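Visitor: One structure, pasted below without further comment.
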Amino acid sequence: MIIEKNIISVDGESKAEILDNKLYYYLGNDFIKINFSKNLFIKINGKIVEGISEIKPDDIIDIDIDKVIYKKFFNIEINNNGLEAILKLDKNKLKNWRLKNTPKSTILNLDFEFTDEFLLDTEITMLINEYLKENKIVYGVKWENVKSIIDSGYGVIAQGKSPVEPIDDKIEYFFGTNIENDYLENEKKVDFYNSIKEVEFVEAGKVLAIVHSGQDGVIGFDVFGRPINPRKREVKKLKKGPGCEVLDNFKRAIAQVSGMPRIKNDSICVFPTYKIKGDVDKQIGNIEYNGSIYIEGNVLEGIKIIGGKEIIIKGNVVQAEIYSNSDINISGNVIGSNLTVGAQAILYITIYNYLIDIKDYLSKLNRAIFDILQSKNNEQFTQDKLSKILKIIIFSKFKNEKEKVNNNYNNLINLPKLDVNTKKQLQVIHNYINSMEVNGDINLINNTLKIIESLIQNITIDTSPADIYLMYCQNSNIISTNNVEILGTGCYNTNINAESSIIFKQNDSVLRGGKVEAKKYIKAGEVGSTLGVTTTLKTTKDGVIEAEIAYQNTILIFDEIKYKIDEPVKKLKAYVKKGELIVEKFKL
């Protein structure tokens, strides 16, 4: 405000005073000076002054107070991650001001005081505007709320804009009608087998799935004007597997062949399917089919089923053999049978392990002969004598190893899908080993080792994951290149081997007798029995074993580490940490 002045001429030195917000200038033979408090801003003739300054009678003096004095009666709260600003103020303290009265002096000390008059709403609005700028609140200011905030002392002064989240693409499947589409989309491994009552078959050309395109999100802003980005929209593309064609920029999938639709490794597939409506018995005979096999009835004694893809059996499997390069799902009971999935991979793993065993056996023979020759370094050995030594060594020191090699060969040579060339080479190796024992032909040791080395180098193992799903099994052998899941009552006196996990889905499923082995994880319900039936669970040092209940004589194995349960326990969890076996359990 511009200070109103009254100039009064006097003799002697000049003085001044503030009275009723006016400056009385008693002008003598010099000029007065002014000083002022830190809360005042002074302009003399339009120029800001600091500290003690001289004032002439005709100077224009403009005085204002520091608005910080008012702003201490304001407060802002930021809520909802910057999307809302709430202003609080105390109107009763927002009053006009005036200069304090001062005594006459050659140096005028200026200060201010509040009056009883309240600031006008327009003045408070200007203060609010400055306060918002100082706090960098620039977006979504609600000037329409200012009046109510002034009256009530509280209200939303700024509102940001929330981002609009995107609408994700959605896949609609036209098969597996008993499976929810959301389930298909959200699960990496789609478990058709336990979710549908009837297997669906499609004709070539049928649309299997389409992608419904979503919508990108819209950017938002907080009250500070900072952008808030929505999450990225999930863009989905259909992946084609065998028997499927993907069109329209990965938006539509159709069947190329007639068969059974499946989702494998996130890809839509259609597998040619051999469907049998009733039981498979000796009248029908063994079945070998390169695609999928679906059997509505039972598989009975003496039957061998070999499938290039998955095998689904809705009934029981009794004293039969089931081999599949993909998954096996059995809705009924498995009694006295052999189940193998990833059969081609397991075949080559078996061959590889067999060759390694023979290599180890022959290396031991070589070493034993070398040691004998070294101990008789001055003695000359005829070929006949060397032959006799070899036969004696095999019979006396390596009889068990030789029997193991013979047994493994007999099991291996009868496996299905063993190609002719590999079979011939294995027969040559077997004949050489027998010749060593019968004829003592020592030269055959190194010749056989060369053949084995060549075979090992040429073996390529495809360990594509394949799973087994079953309800109940007894007196059976089960091998999987991935997981085995027991969905029902459990297993009795059954041996299970899985490359990844063995999981009993129900907490009360029983695992009684036999041996189960998985490299990563074993989760069982009730292990063993109150009578102490020996049951073995084996994994690696990186694996974990869990059981709801484990009875005495339950044996846990982590590679070479072995642990025996001596009394019934519950909530069992065992694992190896820093080389030490940890067994967490509670007494039952």
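The values are calculated or read from the model by the stated rules, or taken from the named source; none is laboratory data. Being a predicted model, the structure only gives us computed values, none of them experimental. Positions of Cβ are backbone-derived with ideal geometry, glycine not excepted, and every protein chain shown enters the neighbour counts. Note: accessible area is taken over every heavy atom of the protein model, side chains too, but ligands, DNA and RNA are not part of it. Shrake-Rupley method; radii C 1.70, N 1.55, O 1.52, S 1.80 Å.
Visitor: If you scan region 206-264, which residues turn out to be touching a residue at least 60 places away in the same chain (Cβ under 8 Å), open to solvent by less than 80 Å² (accessible area, probe 1.4 Å) and either over 30 Å from Leu83 (Cα atoms) or among the polar types (S, T, N, Q) (or both)?
Guide: If the condition is that a residue be touching a residue at least 60 places away in the same chain (Cβ under 8 Å), open to solvent by less than 80 Å² (accessible area, probe 1.4 Å) and either over 30 Å from Leu83 (Cα atoms) or among the polar types (S, T, N, Q) (or both), then Leu208, Lys236, Leu238, Met260, Pro261, Arg262, Ile263, Lys264 are the ones that fit.
Visitor: Quick one: in region 1-36, which of the residues that are assigned to a loop (DSSP other than H, G, I, E, B) and in contact with a strand residue (DSSP E or B) (Cβ under 7 Å, 6 or more places away or on another chain) is modelled with the lowest pLDDT?
Guide: Met1
Visitor: Can we say Thr422 is within 19 Å of Asn353 (Cα to Cα), in contact (Cβ under 8 Å) with a residue 60 or more places away in the chain, within 43 Å of the chain's Cα centre (by Cα) and open to solvent by less than 50 Å² (accessible area, probe 1.4 Å)?
Guide: So Thr422 passes the test.
Visitor: Ok, one more. Out of region 227-260, which residues are in a strand (DSSP E or B) and modelled with pLDDT under 90?
Guide: Within region 227-260, Gly259, Met260 qualify.
Visitor: Can you work out which of the residues in region 480-525 that are touching a Gly at 6+ places or on another chain (Cβ under 7 Å) and on the phi > 0 side of the Ramachandran plot is least open to solvent (accessible area, probe 1.4 Å)?
Guide: Here the answer is Gly490.
Visitor: Yes or no: Leu108 part of a strand (DSSP E or B), open to solvent by less than 20 Å² (accessible area, probe 1.4 Å) and either farther than 25 Å from Asp64 by Cβ or in the same structural domain as Phe31 (by the TED database) (or both)?
Guide: In short, yes.
Visitor: Further question: Given Leu470, Leu531, which one is among the aliphatic types (A, V, I, L, M), surrounded by fewer than 20 Cβ atoms within 10 Å (Cβ to Cβ) and either within 24 Å of Ile335 (Cβ to Cβ) or in contact (Cβ under 8 Å) with a residue 40 or more places away in the chain (or both)?
Guide: Leu531
So that you can scan it fast, the table gives a plain yes or no per residue for (1) in contact with a Cys (Cβ under 9 Å, 6 or more places away or on another chain); (2) surrounded by fewer than 18 Cβ atoms within 10 Å (Cβ to Cβ); (3) without any contact (Cβ under 8 Å) to a residue 24 or more places away in the chain; (4) not polar (S, T, N, Q):
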{"site": "Ile303", "(1), (2), (3), (4)": "no, no, yes, yes"}
{"site": "Glu310", "(1), (2), (3), (4)": "no, no, no, yes"}
{"site": "Val317", "(1), (2), (3), (4)": "yes, no, yes, yes"}
{"site": "Tyr323", "(1), (2), (3), (4)": "no, no, no, yes"}
{"site": "Val334", "(1), (2), (3), (4)": "yes, no, no, yes"}
{"site": "Leu339", "(1), (2), (3), (4)": "yes, no, no, yes"}
{"site": "Ser363", "(1), (2), (3), (4)": "no, yes, no, no"}
{"site": "Ser375", "(1), (2), (3), (4)": "no, yes, yes, no"}
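Visitor: For region 571-588, give me each residue that is out of contact with any Lys or Arg (no Cβ under 7 Å at 6 or more places or on another chain) and surrounded by 13 or more Cβ atoms within 10 Å (Cβ to Cβ).
Guide: Lys573, Ala574, Tyr575, Leu581, Val583
Visitor: Give the residues of region 135-153 that are within 27 Å of Gly220 (Cα to Cα) and either touching a Leu at 6+ places or on another chain (Cβ under 6 Å) or loosely packed, with under 13 Cβ neighbours inside 10 Å (or both), sorted by residue number.
Guide: Lys136, Trp143, Glu144, Ile149 - these are the residues of region 135-153 that are within 27 Å of Gly220 (Cα to Cα) and either touching a Leu at 6+ places or on another chain (Cβ under 6 Å) or loosely packed, with under 13 Cβ neighbours inside 10 Å (or both).
Visitor: Follow-up question, since we're still on this one. Looking at Ile284 and the list (1) more than 24 Å from Asn475 (Cα to Cα); (2) in contact with a strand residue (DSSP E or B) (Cβ under 8 Å, 6 or more places away or on another chain); (3) touching a residue at least 24 places away in the same chain (Cβ under 8 Å), which single condition is not satisfied?
Guide: Answer for Ile284: the failing condition is (3).
Visitor: Any chance region 81-101 includes a residue that's acidic (Asp, Glu), over 30 Å from Lys161 (Cα atoms) and outside the structural domain of Asn229 (by the TED database)?
Guide: No: region 81-101 contains no residue that is acidic (Asp, Glu), over 30 Å from Lys161 (Cα atoms) and outside the structural domain of Asn229 (by the TED database).
Visitor: Here is a further query. Name every residue in region 1-44 that is of a type in the set (Gly, Ala, Ser) and crowded, with 17+ Cβ neighbours inside 10 Å, in order of residue number.
Guide: Across region 1-44, the qualifying residues are Ser14, Ala16.
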